[in-house]
Amino acid sequence: TNPSMVKKMPFDPIKDLASISLTSSTPMLLVVTNTLPADNMKGLIAYAKARPAQINYATSGNGSPNNLAGELLNSMAGIKLTHVAYKSTPQATVDVIGGHMHSAMASLTSVLPHVRAGKLRAIGTTGAKRSTLAPEVPAIAETLPGYSAEIWNGLLAPAATPRAIIQRLNSEINAALASASLKEKLAMLGADPAPDTPEKFAALIRSENLKWAE
């Protein structure tokens, strides 16, 4: 996202880096205050369409992945949720629980305990499919096909790195991602392992650059 938001970057993420492997993908979670009369994505879209710009959503800051996930939702659903930037996710969460904010786009691990305690209502996760940490929560993509806004992580190297080194690293990383211990640790963070090839990871970076620029 930075190439589209930062006027001048010190490097070109496409030309100056060689993709090794995607490692993990972490969805966010859209939650609403319990007093909002919508308990699923379809209901929220209908409610918001009837009240353009009157329903707000909180995030941890302008230009954050959470903010961009909310704006992608606005674009794809044809609605206008008003963004309110907070200094931190806990501050935003407290206000949604208290009914001072209608909704929040937040990290899964930060708000899921409040959902399971009945203090917030989960509307949908932002991944292409349901999260392994919260399989009971529908993905937004189940209502809006093609919607996906995940925080992904991966490894890259300088563009001139020899191909043999890239392939060796990719092989070792994918083997590690297949281990039960690493899968367990990633799950605690709300992340899913995402072993990949260098070519597919490079294609993802190119497609994400185009998607978020739009």
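Rule-based calculations on the coordinates, nothing more; no lab input. In this text, all values refer to a predicted model and were calculated from it rather than measured experimentally. We place every Cβ from the backbone using ideal geometry, glycine too, and count neighbours over all the protein chains shown.
A Förster radius of 25 Å combined with the Cβ-Cβ distance from Arg163 to Lys7 puts the calculated FRET efficiency at roughly 0.15. Using every pair of distinct Cα positions in segment 97-214, the Kirkwood expression returns a hydrodynamic radius of 16.7 angstrom.
For the chain, DSSP calls about 75 percent of its internal beta bridges antiparallel. For segment 77-196, the Cβ-based charge dipole about the Cα centre amounts to some 120 debye (Lys, Arg positive; Asp, Glu negative; other atoms uncharged). Taking the longest Cα principal axis of the chain as reference, the axis of helix 198-213 is set at about 40 degrees. Estimated at 0.36 nm per residue, the fully extended path between Lys80 and Lys183 surpasses their Cα-Cα distance by 33.4 nm. For segment 40-50, backbone phi angles converted through the Karplus equation (6.51, -1.76, 1.60; θ = phi - 60°) give residue-by-residue couplings of 7, 5, 4, x, 5, 4, 4, 5, 6, 5, 7 Hz, Gly and Pro being listed as x. The distance between label points at Glu142 and Asp39 comes to 1.4 nm (points 7 Å beyond Cα on the Cα→Cβ vector). Cα centroids of segment 132-190 and segment 14-72: 20 Å apart. Taking each of Lys7/Lys200; Lys8/Lys87; Lys49/Lys119; Lys15/Lys211; Lys42/Lys200; Lys129/Lys183 in turn, the alpha-carbon distance tops 22 angstrom for Lys7/Lys200; Lys8/Lys87; Lys49/Lys119; Lys42/Lys200. Ranked by the mean number of other Cβ atoms within 10 Å of their residues, highest first, the peptides 111-119, 3-11 fall in the order 111-119, 3-11.
Summed over qualifying helices (DSSP H, 4 residues or more, each -39500 (n - 2.57)) and divided by its residue number, the chain shows a 222 nm mean residue ellipticity of -11500 deg cm²/dmol. Three principal axis extents of the chain based on alpha-carbon atoms, in descending order, are 57, 41, 31 Å. In µm²/s, what is D for segment 1-127 at 37 °C and 0.692 mPa s, where D = kT/(6 pi eta Rh) by Stokes-Einstein and Rh is the Kirkwood radius from Cα pairs? D = 211 µm²/s.
Using 1/(1 + (r/R0)^6) with R0 = 30 angstrom and r between the beta carbons of Gln54 and Gln91, what's the FRET efficiency to the nearest 0.05? Provide the component values of the computation, followed by the final result.
Numbers: r = 22 Å, r/R0 = 0.73.
So the FRET efficiency works out to roughly 0.85.
Could you tell me which residue out of Met9, Leu22, Pro198 lies farthest along the dipole of the chain toward its positive end? Charges go on the beta carbon: Lys and Arg +1, Asp and Glu -1, centred on the Cα centre. Result: Met9.
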